[in-house]
1. Please work out which one of (1) open to solvent by less than 30 Å² (accessible area, probe 1.4 Å); (2) touching a residue at least 40 places away in the same chain (Cβ under 8 Å) is the condition Asp50 fails and give its number.
2. Condition first: closer than 15 Å to Asn137 by Cβ and surrounded by fewer than 19 Cβ atoms within 10 Å (Cβ to Cβ). Now tell me which residues in region 3-13 satisfy that.
3. Do you know which residues across region 35-58 are over 14 Å from Val1 (Cα atoms) and assigned to a strand (DSSP E or B)?
4. Free of Cβ contacts under 8 Å to residues at least 24 places away in the same chain, open to solvent by 20 Å² or more (accessible area, probe 1.4 Å) and aromatic (Phe, Trp, Tyr): which single residue out of Tyr39, Tyr57 fits that description?
5. Every residue in region 79-106 that is surrounded by 11 or more Cβ atoms within 10 Å (Cβ to Cβ) and assigned to a loop (DSSP other than H, G, I, E, B), please.
6. Given the options Ile110, Ile119, name the one that is aliphatic (A, V, I, L, M) and surrounded by fewer than 13 Cβ atoms within 10 Å (Cβ to Cβ).
7. Among the residues of region 123-149 satisfying the criterion of being part of a strand (DSSP E or B) and open to solvent by less than 40 Å² (accessible area, probe 1.4 Å), which is farthest from Phe97 (Cα to Cα)?
Amino acid sequence: VYDIGLNKGWVSVGISSDTAQFAVNTIRSWWYMDGIKRYPGANEILITADCGGSNGYRTRLWKLELQKLADEIQMSLKICHFPPGTSKWNKIEHRLFSYISKNWRGKPLITREVVLNLIGNTKTKSGLSVAAVLDENDYKTGIKISDEEMASINLIGDAFHPEWNYTIKHNPQIL
């Protein structure tokens, strides 16, 4: 997670697979440990994401997990995917990952603690700071999402490229 306005990074270091569940759990952990304090009156979270991989626009599990998160935090999630081949424009690459890579360059990544410390100690003169947490969940690959599960997602596509830009609205809690 990279908060462009605050120049703050949040990195989850996983121990299993990079799946949509892992990606959404990173957003979840950021929200509960940092975002909720920084944005107490928020009613929507804007998420920019690449077009492929675990958080790709065609990934059914990504959308289902986002629905679960939206329902859990009772907020809408506005998703904007970078078009295919344009991930180089994603600020997370240049303003976060590049500095993490510089910070651990030439250092042996021998333990999880070393990785967490190197990421968590990433800072720049322009004010970037990064928090790092360990995600010890075991994420399975190959999870199939049924058409019925997809139909349960409260997804509203934008007028401009609705396949890349959409909102997942939370479902009101039934009392």
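The values are calculated or read from the model by the stated rules, or taken from the named source; none is laboratory data. Just so it is clear, the structure is predicted and the values come from calculations on it, not from any experiment. A quick note on method: Cβ atoms are made from the backbone with ideal geometry, for glycine too, and the neighbour counts reach across all protein chains shown. These area figures cover heavy atoms from the full protein model, side chains too; ligands, DNA and RNA do not enter into them. Shrake-Rupley method; radii C 1.70, N 1.55, O 1.52, S 1.80 Å.
1. Looking at each condition in turn, Asp50 falls short on (1).
2. If the condition is that a residue be closer than 15 Å to Asn137 by Cβ and surrounded by fewer than 19 Cβ atoms within 10 Å (Cβ to Cβ), then Val13 is the only one that fits.
3. Glu44
4. Tyr39
5. Phe82, Pro83, Pro84, Thr86, Asn90
6. Ile110 is the lone residue from the list that is aliphatic (A, V, I, L, M) and surrounded by fewer than 13 Cβ atoms within 10 Å (Cβ to Cβ).
7. Filtering first and then ranking leaves Asp135.
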